[in-house]
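Worksheet: the structure to be examined is printed underneath.
The values are calculated or read from the model by the stated rules, or taken from the named source; none is laboratory data. Since the structure is predicted, the reported quantities are computational estimates derived from the model, not experimental observations. With ligands, DNA and RNA removed, areas are computed over all heavy atoms of the protein, side chains included. Shrake-Rupley method; radii C 1.70, N 1.55, O 1.52, S 1.80 Å.
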Amino acid sequence: MPMKTPEPLIYFILGTPSSGRRGLVADLALNGLAAGDSAVLLMPGSDESTESLIPVSNWTWNNGAIEAAIPAGATHAFMLADPALNPVDQIEALVAWLPASGARIGRVFTVVDCAFGHAYPDLFGWFEACVHFSDVVFFTNTTGVPGSWLSDFEKHFKKLFYPCLFERPVKGEVPNPALVLETLALRMTPAFEDEFALAAVEYEIEGDDEDEEDDSLVEEDEPLEDRYFARNGGGGNRVIPVPDIAPFLKTVE
């Protein structure tokens, strides 16, 4: 009986074009994977001319859905989010795409361009949304940024008991790539949980008549919810708006 081919792992990477995401991907792919593993970089759009230390493929955004194919033989796919699109829309589309993709989520990363974040404090809500979905947050481009800004950024989430890791690459290199690529979930969102639903929880009923049930003590199945996915009645706008950073972005990844 032939052995089942392992499901490729998807690492979805949020961040701005100036954050150095591709450099981090190269470091993780070259220094964090095991012998026999094969990585691919999935870029948003259709431009395959970009130079890369690992093979490049593409994914596209089509009417709110992700269209992508993972090349045969790839064990790890590093998928760069489109920074010009709403990160919540992309995560929601990623959740919908995964079951039919033949892959499973590894982790979600956010790469914070600290110079960019410091320059545009009104865009903090965008970073906040990204970190909500992330297992690991990387600080890059820290030169000239006050240390207090970085510590305040991190403290904001730690005070809210976010479980994600905060990493500060040195010269574009992650201190422990293998640890970063672990698939243990450290994110706030439940969106990638199996079936995105809670199992029913039943409580034992105490009393003289064991056959008598109190429905108030039995919890029905309830779907897991992510507060960032919520929309106003009738499928309107998101309850939690996310700033549009597209007008502030540079065009070079």
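Ignoring ligands, DNA and RNA, please state the percent of accessible area on segment 13-74 from carbon and sulfur, probe 1.4 Å. For segment 13-74, the apolar C and S fraction of the accessible surface comes to 48 percent. Counting pairs of alpha carbon atoms under 8 Å apart in space and at least six apart in sequence, what relative contact order in percent does segment 65-199 give? Over segment 65-199, the number comes to 25 percent. Amide hydrogen proximity for residue 166: with H placed 1.01 Å from N in the peptide plane, the residues at 5 or more positions away or on another chain lying under 5 Å are 137. Normalised by 2.2 N^0.38 Å, where N is the number of residues, the alpha-carbon radius of gyration of segment 137-191 equals 1.25.
How fast does segment 35-135 diffuse by Stokes-Einstein, in µm²/s, taking the Kirkwood radius from C-alpha pairs at 4 °C and 1.567 mPa s?
87
Computed on protein heavy atoms with a 1.4 Å probe, the accessible areas place 154, 182 in the order 182, 154, largest first. Applying 0.36 nm per residue to the separation of residue 148 and residue 35 and subtracting their alpha-carbon distance, the gain on full extension is 36.6 nm.
For segment 9-89, the solvent-accessible area with a 1.4 angstrom probe is 40 square angstrom per residue. Annotation: residue 194 carries an accessible surface of approximately 130 Å², with a 1.4 Å probe and no ligand, DNA or RNA atoms counted. Annotation: amide H of residue 59 within the under-5 Å range of 43, 45, sequence separation 5 or more or interchain, hydrogens built in the peptide plane.
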